[in-house]
Amino acid sequence: MKMPQLAATFFTALTACTLLVSCSTDAKNKQTGLSDTTKKGAAAKEEVLQPIDTVVYDSLMRKLANGDTTGKWPVKSKIYPKDGAILPYKRIVAYYGNLYSKNMGILGELPPKQMLAKLDIEVKRWEKADPGTPVQPALHYIAVVAQGDGGKDGKYRFRMPDKQIDSVMTISKMRNNMIVFLDIQVSLSTIRDELPRLEKYLKLPNVHLGIDPEFSMKDGSRPGKRIGTYDAADINYCINYLGKLVKDNNLPPKVFVVHRFTKKMVTNSANIKPTREVQVVMHMDGWGEPELKKGTYRHFIYSEPVQFTGFKIFYKNDLKKSPNVLMTPEDLVKLKPKPIYIQYQ
């Protein structure tokens, strides 16, 4: 399973350093007599107002189910996303980590240009493995980090300064249309205290959210001593919070990633309620050999359907045990359901 990253490592590093369909036509433009600028604005507005094609959406969801015959997948739901949704139209391929540490993931381990070049390679591999699904590249940044030092308030978490989050936003602009996830590890704090502090970033159309139950220590334990947990009520709080931001700011739907590799990390999952404004990904976050990872996916992601699924590849930890190989995109597209969010650490 995933090994916790704690303050000893973190602070050493710290101190050391749509399906959119255009309806405009030339004939229509001539008829209205609009200027080029006005025509472009009108066309953009017209695109934004296009409703989701439910037939196409349902077809793509069946494709993700990958032939599952149990009735679990695709998830039976009458919820269709509002216009501008990323999923299931694109597969998100993300690099995960923190700029303060080379030990928390590929995002932070390599200099930005080198890191992005490596991500480009992974994007191309996914395009080849599943050519029918476009790839959306992303950076998944740990914005609130669990740590072994309680800090002044005894909450055992470190909030990244805005300048660090701004740096990630700047890196993301080095690639066209890249999106960013901000991840929260609350430790002895709560998601209700931590999430609102990121609101100014989450109001941006290209910024999405991740939360990690592993470091939600509801029993008061220090992070890393045991695996934490979130209940559906916590997850629904985030969904409702993000949904209000989407409505109030006229944003496209947010993608919301929940890490998971044990049953108790998420309780009452059947009560999680995705909305038109928020798309929920239950993300398999365990490390190990391929058969172990597939078993974790089957027991804790496949067996408790929510909406979409994700899968993490650990460049280092997945190689620790025989057969000492990383799962490939070709391996992962054979899973039922196919993960639509892929994260590399």
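Just so you know, all these numbers are worked out from the coordinates, no wet-lab data involved. The structure presented is a predicted model; accordingly, all values stated were derived computationally and were not measured. Counting neighbours? That spans all protein chains shown, and the Cβs are built from the backbone with ideal geometry, glycine included.
Roughly speaking, what is the stretch gain from Leu292 to Lys225, that is 0.36 nm per residue apart minus the C-alpha to C-alpha distance, in nm to one decimal? List each step's numbers first, then the result.
On the way: separation 67, 0.36 × 67 = 24.12 nm, distance 2.24 nm.
Going from the current span to full extension adds 21.9 nm.
Under a Cβ-only charge scheme (Lys and Arg +1, Asp and Glu -1), can you give me the dipole magnitude of the chain about the Cα centre, in debye to the nearest 20? Walk me through the numbers on the way to the answer.
On the way: 53 positive and 35 negative charges, 46 e Å.
With only Lys, Arg, Asp and Glu charged at Cβ, the dipole is about 220 debye.
When only Cα pairs under 8 Å and 6 or more residues apart are kept, what is the percent relative contact order across segment 222-268? All intermediate terms of the calculation are to be shown ahead of the outcome.
Values: 24 pairs, mean separation 26.0, N = 47.
Contact order relative to length: 55 percent.
Once you put a point 7 Å from the Cα of Asn324 and another 7 Å from the Cα of Lys152, both along the Cβ direction, what distance in nm separates them?
For the pair Asn324/Lys152, the computed spacing is 4.9 nm.
First measure r as the distance between the Cβ atoms of Arg192 and Ala117, then evaluate 1/(1 + (r/R0)^6) with R0 = 41 Å and state the FRET efficiency to the nearest 0.05. Each step should come with its number before you reach the end.
Numbers: r = 39 Å, r/R0 = 0.95.
Result of the calculation: an efficiency of 0.55.
Treating only the Cα positions of segment 152-268 as identical point scatterers, give the base-10 log of I(q)/I(0) from the Debye formula at each q in 0.16 Å⁻¹.
Summing over Cα pairs of segment 152-268 leads to -0.79.
Within 10 Å, Cβ to Cβ, of Leu110, how many net charges do the neighbouring residues add up to if Lys/Arg are +1 and Asp/Glu are -1? Could the numbers behind the result be given before it?
Details: positive: Lys102, Lys113, Lys118; negative: Glu109.
Spelling it out: positives minus negatives among the neighbours equals +2.
Please tell me the relative contact order of segment 225-345 in percent, rounded to the nearest whole number, where contacts are Cα pairs under 8 Å and at least six residues apart. Walk me through the numbers before you get to the answer.
On the way: 204 pairs, mean separation 27.5, N = 121.
Relative CO of segment 225-345 lands at 23 percent.
Considering the dipole of the chain built from charges on the beta carbon (Lys and Arg +1, Asp and Glu -1) around the Cα centre, which of Thr262, Tyr80, Thr54 is farthest to its positive end?
So the residue we want is Thr262.
Each label point is 7 Å from the Cα along the Cα-to-Cβ direction; what then is the distance between the points at Tyr315 and Lys124, in nm?
Taking the two extended label points, one gets 1.7 nm.
Using the Karplus equation 6.51 cos²θ - 1.76 cosθ + 1.60 (θ = phi - 60°), what ³J(HN,Hα) coupling, rounded to whole Hz, does each residue of segment 238-249 give in order, writing x for Gly and Pro?
5, 4, 5, 5, 5, x, 5, 4, 4, 5, 5, 10
Calculate, in nm to one decimal, what Lys244 and His299 gain on full extension: separation in residues at 0.36 nm each, minus their alpha carbon distance.
16.5 nm
Residue farthest toward the positive end of the dipole of the chain, with Cβ of Lys/Arg at +1 and Asp/Glu at -1: which of Met282, Val168, Pro252?
Met282
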